[in-house]
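Participant: Right, I'll just put the structure down here and ask away after.
The values are calculated or read from the model by the stated rules, or taken from the named source; none is laboratory data. This structure is a prediction, so every number in the text was calculated from the model and none was measured. As a convention, Cβ positions derive from the backbone with ideal geometry for all residues, glycine included, and neighbour counts pool all protein chains shown.
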Amino acid sequence: MTFQSGSINMHSDHRTTGSMQDDNTLTIESAVLGDIPRIVEFVISWLQRQGLDRYVFTLETAVDEASTNVVKHAYGGQGGYYQITCALSGADIIVTIRDHGNKFDPDSVPLPEVGSQLEERKVGGLGIYMMKKMMDRIDYSFSEQEGNRLVLVKRTSVETA
């Protein structure tokens with residue numbers, strides 16, 4: 001599939017990819033807002049081990065926003081299953097977030113009115129907007145068996161094997 005920068009793509013995903021529990025994957029059985037710093041630190045640490053320090057701010061921001069949305073909206077702040085996996089594919093950093101919370105269509109959130117005065121703007125939607133702007137691709141899918149799957153892709157200038 002070909003994706004445009006700043007878009008969120010959705011499809012029904014019934015594939016099972018398995019669970020690898022190594023230094024690329026963090027699983028939290030009942031993630032709450034207090035786990036967000038741990039999740040972000042996990043991603044930062046992984047990026048640094050890969051020598052991709054220059055992408056820390058971008059991925060840190062996107063993962064913080066996506067993870068906060070999972071805890072607050074998918075689970076209503078009550079906590080729930082959360083898994084994040086980091087990988088490299090060619091020149092792409094791929095961060096996959098899985099949860100079993102409420103289904104959420106990121107495209108259902110209207111674009112914020114970034115051109116209007118701050119006090120005139122509606123609350124909400126800015127985080128998803130930022131993620132769309134910072135990532136080269138965002139892919140969302142939902143299946144009854146696997147739950148929500150959000151894939152954040154950031155293209156690097158480094159080609160990996």
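Participant: Take residue 3 and tell me if it is at pLDDT below 95 and crowded, with 16+ Cβ neighbours inside 10 Å. Write out each step before concluding.
Facilitator: Details: at pLDDT below 95: yes; crowded, with 16+ Cβ neighbours inside 10 Å: no.
When the stated conditions are applied, residue 3 does not pass them.
Participant: From the set of residues in segment 69-112 that are out of contact with any helix residue (DSSP H, G or I) (no Cβ under 9 Å at 6 or more places or on another chain) and among the β-branched types (Val, Ile, Thr), which is surrounded by the most Cβ atoms within 10 Å (Cβ to Cβ)?
Facilitator: So the residue we want is 70.
Residue-by-condition table, conditions (1) in contact (Cβ under 8 Å) with a residue 40 or more places away in the chain; (2) of a type in the set (D, E, K, R); (3) in contact with a strand residue (DSSP E or B) (Cβ under 8 Å, 6 or more places away or on another chain); (4) surrounded by fewer than 20 Cβ atoms within 10 Å (Cβ to Cβ):
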site	(1), (2), (3), (4)
31	yes, no, yes, no
35	yes, yes, yes, yes
41	no, yes, no, yes
44	no, no, no, yes
49	no, yes, no, yes
54	no, yes, no, yes
59	yes, no, yes, no
62	yes, no, yes, no
66	yes, no, yes, no
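Participant: Further question: Answer yes or no: is there a residue in segment 76-93 that is part of a helix (DSSP H, G or I) and modelled with pLDDT under 95. Give the steps one after another, and end with the answer.
Facilitator: Filtering segment 76-93 for residues part of a helix (DSSP H, G or I) gives none.
The answer is no, given that none of the residues of segment 76-93 is part of a helix (DSSP H, G or I) and modelled with pLDDT under 95.
Participant: Is it the case that some residue within segment 43-62 is over 14 Å from the mean Cα position of the chain (by Cα), part of a helix (DSSP H, G or I) and modelled with pLDDT under 70?
Facilitator: Taking every residue of segment 43-62 in turn, none turns out to be over 14 Å from the mean Cα position of the chain (by Cα), part of a helix (DSSP H, G or I) and modelled with pLDDT under 70.
Participant: Being of a type in the set (S, T, N, Q) and modelled with pLDDT of 90 or more is the filter here; which residues of segment 94-121 pass it?
Facilitator: Going through segment 94-121, the residues of a type in the set (S, T, N, Q) turn out to be 96, 102, 108, 116-117.
Correct list: 96, 102.
Participant: Also, quick follow-up: Across segment 94-114, what is the total count of residues that are among the charged types (D, E, K, R) and assigned to a strand (DSSP E or B)?
Facilitator: So the first thing to find is which residues in segment 94-114 are among the charged types (D, E, K, R), and the list is 98-99, 103, 105, 107, 113.
Filter once more, keeping what is assigned to a strand (DSSP E or B): 98-99.
Matching residues across segment 94-114 total 2.
Participant: Further, regarding this structure: Please enumerate the residues belonging to segment 80-94 that are within 17 Å of the chain's Cα centre (by Cα) and not charged (D, E, K, R).
Facilitator: Step one: list which residues in segment 80-94 are within 17 Å of the chain's Cα centre (by Cα), which gives 80-89, 92-94.
80, 81, 82, 83, 84, 85, 86, 87, 88, 89, 93, 94 - these are the residues of segment 80-94 that are within 17 Å of the chain's Cα centre (by Cα) and not charged (D, E, K, R).
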